[in-house]
Amino acid sequence: MRTITTAVVSAALLLTVVGCSSEPDDKPETKPSTTASATAPADAEAAAQVCTDEVYKQIKDGTELGADQPKPDACTSMSQDEYLDTLLAVTQQLNKDARDDLQEDIEDAANQ
């Protein structure tokens, strides 16, 4: 279940990062260097995953995270908007997991 949660949160975060980083079509095309394009997305994705995992762990442990609290150390490389998007995605996933667990408990109780 945690693997699925991590995958869903990662996908949501990746879509958010990709959506926010798109450039207008009217700019002339420039060809980035292969080294920068090969390592930058992988590094950004890895950093986003580490942040997502840390946010997930802290929220599960009962730590209150939000815009007014300092970012976890794993998230310091992210912009505030990226961090808040991550926080929102993790919170939504945790809420969904809790609803699913509650539904399972209701179904188990009904079958007894």
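The values are calculated or read from the model by the stated rules, or taken from the named source; none is laboratory data. Only a predicted model underlies this, so the values are computations on that prediction, with no experimental measurement involved. Here the Cβ is made from the backbone with ideal geometry for all residues, glycine too, and neighbour counts use every protein chain on show. Side chains included, ligands, DNA and RNA excluded: accessible areas come from the protein's heavy atoms. Shrake-Rupley method; radii C 1.70, N 1.55, O 1.52, S 1.80 Å.
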So which pairs qualify, if the first residue must be in the stretch 68-91 and in contact (Cβ under 8 Å) with a residue 24 or more places away in the chain and more than 12 Å from VAL55 (Cβ to Cβ), the second must be surrounded by 15 or more Cβ atoms within 10 Å (Cβ to Cβ) and of a type in the set (A, V, I, L, M), the Cβ gap must be under 8 Å, and the two must be at least 6 apart or on different chains?
SER77/ALA47
Filtered residues of the stretch 73-83 (kept if crowded, with 16+ Cβ neighbours inside 10 Å and part of a helix (DSSP H, G or I)):
ALA74, CYS75, GLU82, TYR83
ARG2 fails exactly one of (1) within 30 Å of GLU104 (Cα to Cα); (2) open to solvent by less than 60 Å² (accessible area, probe 1.4 Å); (3) modelled with pLDDT under 90; (4) of a type outside the set (A, V, I, L, M), namely (2)
Just need a number here: residues in the stretch 84-101 that are surrounded by fewer than 19 Cβ atoms within 10 Å (Cβ to Cβ) and more than 16 Å from ALA47 (Cα to Cα).
11
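A quick yes/no check of all residues on (1) out of contact with any His (no Cβ under 6 Å at 6 or more places or on another chain); (2) of a type outside the set (Phe, Trp, Tyr); (3) in a helix (DSSP H, G or I); (4) at pLDDT below 95:
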| position | (1), (2), (3), (4) |
| --- | --- |
| SER37 | yes, yes, yes, yes |
| ALA40 | yes, yes, yes, yes |
| ALA67 | yes, yes, no, yes |
| ARG99 | yes, yes, yes, no |
| ILE106 | yes, yes, yes, no |
